[in-house]
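Take a look at the structure set out below.
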Amino acid sequence: AGMFDPSGGTQSITYTYTDANSCVHTVSETYTVNVIPTASFTFIIDGYDVDFTSTSVGATSYVWDFGDGSPTVSVANPSHTYAGNGTYTATLTVSNNCGTDVHTESVVVSFITGISKHADLEGITIAPNPSLGIFNVMFSNIDNKDIALEIYDAKGKLVYLSLDKQISGNFVKHVDLSVYSTGLYLLKVNSENEVRNFKLLIK
């Protein structure tokens, strides 16, 4: 006897019967059940650059419309550069042989240009990256500056904030994001009128 689960995926059906001679026979078959896909995605904004990650279920093909008139893209996890600030409607259409689903998100690009570059934030390295959630943000040759770190998840939610005052010389900031899920995060390093952005990947 067996139970058939129509929810999708690989299913196994087993049939057992007893013949007239009291011999027991068993026959098993494996089937793949496809269902209509469910579209969803997350994204990380870094200036005008946006990294999109599909979190869709059951999809075999992808079509991205970034909402700015640019050509569509047919990969699962694309990156896109917008021409300027604005609110764009990004649309992901996913399909398989059972059907199609569509998901949209508003992408708000608000990049402040003209921020001056100083030597203070030029010597930043992050290791390990990717990591399991523990990152070391290493600074070199800091000249008596206040350093603020902000980390945002793919939905733009602030998940980490720190402020270290009057940092000089070489400095290492240990960042623990191990309680958060895997994926891309945006690190913003602020020092007075200078800002630098970095991508962190929790694997």
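Just so you know, all these numbers are worked out from the coordinates, no wet-lab data involved. Quantities reported herein were computed from a predicted structural model and do not represent experimental measurements. Using ideal geometry, Cβ is built from the backbone for each residue, glycine included, and neighbour counts are taken over all protein chains shown.
With the convex hull constructed from alpha-carbon coordinates only, segment 41-109 shows a mean projected area of 4.1 nm² over all directions. Note on the chain: with a GNM built from Cα contacts shorter than 10 Å, the maximum mean-square fluctuation among T60, T100, T30 falls on T30.
Subtracting the Cα-Cα distance of V57 and N85 from 0.36 nm times their residue separation leaves 7.0 nm of extension gain.
Applying a DSSP loop filter and a limit of 16 other Cβ atoms within 10 Å to the GluC sites (Glu not before Pro) in segment 130-196 leaves E192.
Note on K165: aspartates and glutamates with a C-alpha under 12 Å away, same-chain residues under 8 apart excluded, are D143, D146, E192. What you get for segment 128-203, charging only the Cβ of Lys and Arg (+1) and of Asp and Glu (-1), is a dipole of about 280 debye around the Cα centre. Translational diffusion of segment 55-166, estimated by Stokes-Einstein from the Kirkwood radius over alpha carbon pairs at 20 °C in a medium of 1.002 mPa s, is 121 µm² per second. Among G156, G99, G58, the largest mean-square fluctuation in a Gaussian network model of the chain (Cα springs under 10 Å) belongs to G99. When the Gaussian network model of the chain links Cα atoms closer than 10 Å, the mean-square fluctuations of G84, G133, G67 top out at G84. Judged by the gyration tensor of its Cα atoms, with axes a ≥ b ≥ c, the chain is oblate; a/c meets the 1.5 cut and b/c is at least as large as a/b. When only Cα pairs below 8 angstrom with a gap of at least 6 residues are kept, segment 41-109 shows a relative contact order of 31 percent.
Between the beta carbons of D164 and K199, assuming R0 = 30 Å, the FRET efficiency works out to 0.90 to the nearest 0.05.
Remark: segment 119-202 projects, on average over all directions, an area of 4.8 nm² (convex hull of Cα atoms).
Its relative contact order, with pairs defined as Cα atoms under 8 Å and 6+ residues apart, puts the chain at 15 percent.
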